[in-house]
Structures are given as structure tokens and as C-alpha cells.
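Report on the structure given below.
Laboratory data are not the source of any read-out in this text; all were calculated from the coordinates shown. In this text, all values refer to a predicted model and were calculated from it rather than measured experimentally. Backbone-built Cβ (ideal geometry, glycine too); neighbour counts: all protein chains shown.
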Amino acid sequence: MQKIGFIGLGLIGTPMCLNLIKAKYHVSVWNRTKSKAEKLVQAGAVSLESPKEVAESSEIIITCVSDSKDVKEVVLGKTGVIEGVHEGSIVIDMSTISPSVTREIANKLSSVKAKMLDAPVSGGVNGAEAGVLSIMVGGDKAVLGKVTPILNELGSKITYCGGNGMGQVTKLSNQIIGMGNLAAMCEAIVFASKAGANPEALINAWSAGAAGSWMVDNLGEKVFKREFEPGFMVKLAQKDLNLVLDAAGQMDVALFTTPIVSQIFRATQQSGFSDEGIHAYVKILEKIAGLNSQTDLS
Ligand code: NA7
């Protein structure tokens, strides 16, 4: 079985990495905050001292860190992946970052004969734990063929989207829809709650009709139960919408809903909810509407 290196053991990276260990792959790991690697070591991974070491001892290197600059740092930095790769190494970046930065990193890796796929994911922590993520892949299709068995351990839907950067373009467009959906659901919750609607009736009715969505099914009830632990954090949603707006600006594409949603996420962040789940977005709307708390569903 191929040797896999995993870099970035955050909320999403950790369960993904655990699934690879469970699938009996030989996995080495590196995380900036070393203590987060302990859980993986207990499960059978080997913890190494740098992304370079991980690349030296692996055929496939997966990165799952926060933003464009962070992927650049772990891949192209002084003790980065690029210093340890060998001919034929495959780097799979599963972070959500800028399409243009992705292409820049892929070009640098190809100059040392390593291949890169961008493979951002959708589905949150629950999807990562259950191994049912939607994985959007950019890069060489033949390279994807070589790592498909690995991606099958992480996701239930793998979509080939085109050359390098197109996985990221697909993911960013996914975020336009997803965060727009979340924003609409939060507005609907505040509107109906202020009118005195029953939370359970709302969720039942919405999910069965045209308003049904992943957001309604997964986060609607959490809003009513006031459960804001993150599956996907406010600060990362804000990061993704900034990536969307940057890329749209580069292409001169006018977007109308996304900038408003982004500003409300910024207000959510500035109000101290940066590390909460994305549905904390509702708290800003509740405040503006003079609505302090929702009825508990239970
Ligand atoms: P988290 O839980 O915020 O985790 C982020 C991870 O990225 C975590 O392991 C961080 O290390 C690591 N990180 C961030 N910046 C760096 C730099 N500069 N160098 C090394 N490591 C870094 O995010 P998620 O797991 O939810 O999401 C990860 C990506 O998938 C992100 O692009 C999402 O949009 C999708 P730390 O533990 O803080 O030392």
C-alpha cells in the first residue's frame, strides 16, 4: 500500500487522517502544534518533525491547512514539502485556497518532478468522520487515477473538475451556494421566530419542500437548540468568501449576494463568534431584529 504523509491536523484533517489509518495505510503526520498529533500517533501514525520529513518518507502527501499563505508555507517553505519530494511524489492539497495560488504551487512542484492535485472538500466534520465528503479535484486526470483508492476512504463523491485550480474554483462556487443557503435559512429562522412560529414545524416543512437543503437538515435544529460547536468555523467561511470575492475581482465578475453575506460573516467574527460554527451567523440577525433567544426544540 502507498505510504501517505498528512500535514494539517485540524477539525477536518484529523478525522480524514484517522480514516486513512483505519484503512491500514502507513501514515506519517506533521502538525504545527505538535500536541494535536498525539491522537493520531495513538491510532498508529508516525509523527515527524517537518513537512520536509513527511515528504521524504511518503509517496502521497496530503495537506489540509487553513489558507493560501499556509499551504505555500508548508509546501514551499524552508522545511517544506518541496524540499523532501522525489520524482513521482503526489501532493494532494485538500485545503480550500485560491485557484491562482494553487496553480503557482503546482508549477513549482512540477519543476522538481512532483505532481499536485487540488482536492478541496465539502461536508464538514461529520462528513469527514463518516468518510462521505464531496471531493472536488483539479489536476492531471491520470494522477487522480493513482490516488482514487485513497480518496475513496475520505469521500463518497469524487468529482474530476479539470486542470489545476479547477477543484478550487468548484469548491469556491460551492461556497457561494452553501453560504447563500445558510444566510437565507438564518433570515427565515429570525423572521419566523419573531412571528412566533414553532421551530419543529418550520424544520419539518422546509426540509420536505423547495426550501430543503443541507443547511436546513444539518444546522437548522442546531440554531434552535443553541448548539454552536463548530463543524465548520465562521472564520473559515469568511476566508472562503474572501477567496471568492478576490477571484471574482480578478475576472471582473460582479457578484451581488456574496458580498452581503461576507459582510455579515465579518460582523459575526467581530462580535466574538469567529471560532463557532457557521450558523452563529444567525446571532447577528437576531440582534438586529431584537430577538434574544430561540425556543428550545427539545
Ligand atoms: P482548522 O481546524 O482551523 O485547522 C487548521 C489546520 O491548519 C491546523 O492543523 C493548523 O495548525 C494548520 N495551519 C494553519 N496555518 C498553518 C501554517 N501557516 N503552517 C502550518 N500549519 C498551519 O481548520 P479545518 O481543519 O476545519 O480546515 C482546514 C482546511 O480545510 C481549510 O482550508 C478549510 O477551509 C477546509 P495548528 O494546529 O493551528 O498549529
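Summary table below
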quantity: Average projection area in nm² (convex hull over Cα atoms of the chain, one quarter of hull surface); calculated: 15.9
quantity: Cα centroid separation, region 123-140 to region 169-217 (Å); calculated: 22
quantity: The chain, helix-only ellipticity at 222 nm - DSSP H runs n ≥ 4, -39,500 (n - 2.57), divided by all residues, nearest 500; calculated: -15000 deg cm²/dmol
quantity: Exposure proxy order (Cβ contacts within 10 Å, fewest to most) of R226, R103; calculated: R226, R103
quantity: Three semi-axes of the equivalent ellipsoid, region 147-288, Cα gyration tensor, whole Å, largest first; calculated: 28, 20, 15
quantity: Charged-residue dipole, Cβ positions (Lys, Arg, Asp, Glu), region 131-288 about Cα centre, Debye nearest 20; calculated: 80
